[in-house]
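The next block holds one structure in the form of structure tokens; read it before the comments.
Every read-out reported here was derived from the displayed coordinates using simple, explicitly stated rules and does not represent laboratory data. Bear in mind the structure is a predicted one, so any value in this text is a computation, not a measurement. Ideal geometry is used to build each Cβ from the backbone, glycine not excepted, and the neighbour counts take in all protein chains shown.
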Amino acid sequence: MKKPLRAVFHGLRHEHAPGKLATLAKLRDDFEIVAAVNDLSSATPTWHNKPPTGEGLPLVSAEEALAMPDIDVVFIETANGDLLDAARPWAERGVAMHLDKPTGETREPFRELVSICRAGNVPLQLGYMFRANPAIRFCQKIVREGVLGEVFHVEADMNHAYGDDAYQAYVSNFKAGIFYNLCCHLIDFIVPMVKGDPVRSSIVVGAAPGDPPESRNRCAALVEWPGATVFLRSCSRNPGGPPCRHLRVDGTNGIFKLERIERFDNVALQVSLFLQNPAGSYASGNHAFEFGPQDDRYAGQFRELAEIVRGERPNPVELYDHDLRVHDACLVACGLMAPAAR
């Protein structure tokens, strides 16, 4: 019987912290959380309905956690603005980590973290929440195999309808507002679908109707890659909430549609695919696929991380470069970096 990996849950203030703690509670064969770093006194802006208190876990300081022996993996779940500062000492110590998103509004701090991890072959798993999504993986597979032909247009959104006034103020702390906070999840899986790096971006950052004019909770960006355009949007006042999140990928040989990127209502993810000409193992014409139903957003990623740490699969070193490309693409899309900086 395998021994659970000794884990530290560093931070309780990230928006994803409650969900990830709930997932880890279901993966007791893989992980044993030996301590949680108490960051509840941090003044860095964040938001959540019910921040976890770490009840049932030993609460320690960051310094105490870093001094603990035999830690196999750390989950970095601080407020967004504290993520990279919290992650760096663990990377320098050589501890495998799951690091939540986003990866900063500037370029260099994240590049320095990746450089440390690469030099030490430290597994670094980013918390982009669609990485284990079976429908997204299918889309990436058929793009990679050329089934869709050359991708020339992608359209996706990260809309929702949750969040009180405090949430609207929270996302407005970022220069690109809610787009910076959420659309990185989309850019993560879009980057491998298009060629090269983004060459320009036009972003709109504004207030949703009824919110103060300084709010930044209604955002959209048109990002151009060589030969492809990508239109992304996010608003926190969208009717229906996350069910409206969708993905469409247009290629020279076909169109992929995923009308709900994820769902946890015991209904399968539903994909439609149209092909102009036969490709791969698929005939021309219309196809329908179902994936799911999903029961957990994070479990797939966490199981992969456990396998990497236990040596059951190799550390995916190609993700170091991928994550850097995603970070740069996010900065360009947000209007925070000129494309020429690459």
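With the convex hull drawn around the C-alpha atoms of the range 13-88, the volume per residue stands at 95 Å³. Its residue count N fixes a reference of 2.2 N^0.38 Å for the range 79-196, and the Cα radius of gyration divided by that reference is 1.22. Compute the long axis of helix 318-333 from its Cα atoms, compare it with the longest principal axis of the Cα atoms of the chain, and write down the angle in degrees, 0 to 90, nearest 10. Rounded to the nearest ten degrees, it is 70. At 25 °C and 0.890 mPa s, what whole-number value in µm²/s does Stokes-Einstein give for the translational diffusion of the range 134-291, with Rh from the Kirkwood sum over Cα pairs? Estimated diffusion coefficient is 149 µm²/s.
For the chain, the mean residue ellipticity at 222 nm estimated from helices alone is -8000 deg cm²/dmol, where every DSSP H run of n ≥ 4 contributes -39500 (n - 2.57) and the total is divided by all residues, rounded to the nearest 500.
Among L186, L27, L305, the largest mean-square fluctuation in a Gaussian network model of the chain, built with springs joining Cα atoms closer than 10 Å, belongs to L27. Note on D164, D39: ascending count of other Cβ atoms within 10 Å places them as D164, D39, the fewest first.
Subtracting the Cα-Cα distance of S281 and D29 from 0.36 nm times their residue separation leaves 86.9 nm of extension gain.
Placing a label point 7 Å from the Cα of V317 along the Cα-to-Cβ direction, the residues of the range 123-146 with a backbone N closer than 15 Å are 123-124.
Please arrange R131, R218 by how many other C-beta atoms lie within 10 Å of their C-beta, fewest to most.
Placing the least packed residue first, the sequence is R131, R218.
Against the main long axis of the alpha-carbon atoms of the chain, helix 108-120 sits at an angle near 70°. With neighbours defined as other Cβ atoms within 10 Å of a residue's Cβ, the residues M158, M337, M68 order from fewest to most as M68, M337, M158.
State whether the range 219-286 is rounded, prolate or oblate according to the following rule on the C-alpha gyration tensor (a ≥ b ≥ c being the square roots of its eigenvalues): a/c under 1.5 gives rounded; otherwise a/b larger than b/c gives prolate, and the remaining case gives oblate. Taking the square roots of the gyration eigenvalues as a ≥ b ≥ c, the range 219-286 is oblate. Largest GNM mean-square fluctuation among V143, V267, V73, using the chain with Cα springs under 10 Å: V267. In the elastic network of the chain, a GNM with C-alpha springs shorter than 10 Å, the most mobile of G280, G292, G127 is G280. In terms of distances greater than 19 angstrom between alpha carbons, the cross-link table entries K20/K141; K20/K101; K141/K257; K3/K26; K141/K195; K2/K101 yield K20/K141; K2/K101.
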